[in-house]
Amino acid sequence: MIIKSENIFLEEDYGKPISEKLSIILRRYISKDDFANVAIRSNVSFSTIRDVIYRTNSLTKANSKAISLLIYTAFENSIAKKLQAEGDIIFMDNILKL
């Protein structure tokens, strides 16, 4: 899938840190491997991506592609965790009914 950062971010989003809520969500659903994979795909350094996610660096047009890819990855990861949790609940519910 092609992610276009211009469809995610507005002009006024650039030059300042991402929102605290986005930062928290990304940190919750992104692994170090995800950071590394996005760095390779986007040609944005791991440290720059990390700094934007932890809000110590601002979002720029140059790093927005990487952040867009991370948002997509976090979305996929959150769905996977939800499905896993639903399966775990069913499993534990069956154990508790014994």
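The values are calculated or read from the model by the stated rules, or taken from the named source; none is laboratory data. In this text the structure is predicted, and so the values were computed from the model without any measurement. With ideal geometry, Cβ positions are generated from the backbone for all residues, glycine too; neighbour counts draw on all protein chains shown. We work out accessible area using only protein heavy atoms, side chains counted, and drop any ligands, DNA or RNA first. Shrake-Rupley method; radii C 1.70, N 1.55, O 1.52, S 1.80 Å.
Points to keep in mind about this one:
- Highest-fluctuation residue, L83, L26, L70 considered, GNM on the chain with Cα pairs under 10 Å: L83
- By accessible area, using a 1.4 Å probe on protein heavy atoms only, the stretch 1-71 has 51% of its surface on carbon and sulfur.
- Spin-label pair L96/D51, simplified geometry with 7 Å Cα→Cβ offset, distance in nm: 4.7 nm
- When the surface is traced with a 1.4 Å probe over the full set of protein chains, R27 keeps roughly 100 Å² accessible.
- Cα gyration tensor of the chain - equivalent ellipsoid semi-axes, whole Å, descending: 32, 13, 12
- Summed over qualifying helices (DSSP H, 4 residues or more, each -39500 (n - 2.57)) and divided by its residue number, the chain shows a 222 nm mean residue ellipticity of -22000 deg cm²/dmol.
- D (Stokes-Einstein, µm²/s), Kirkwood Cα radius, the stretch 42-91, 1.002 mPa s at 20 °C: 174 µm²/s
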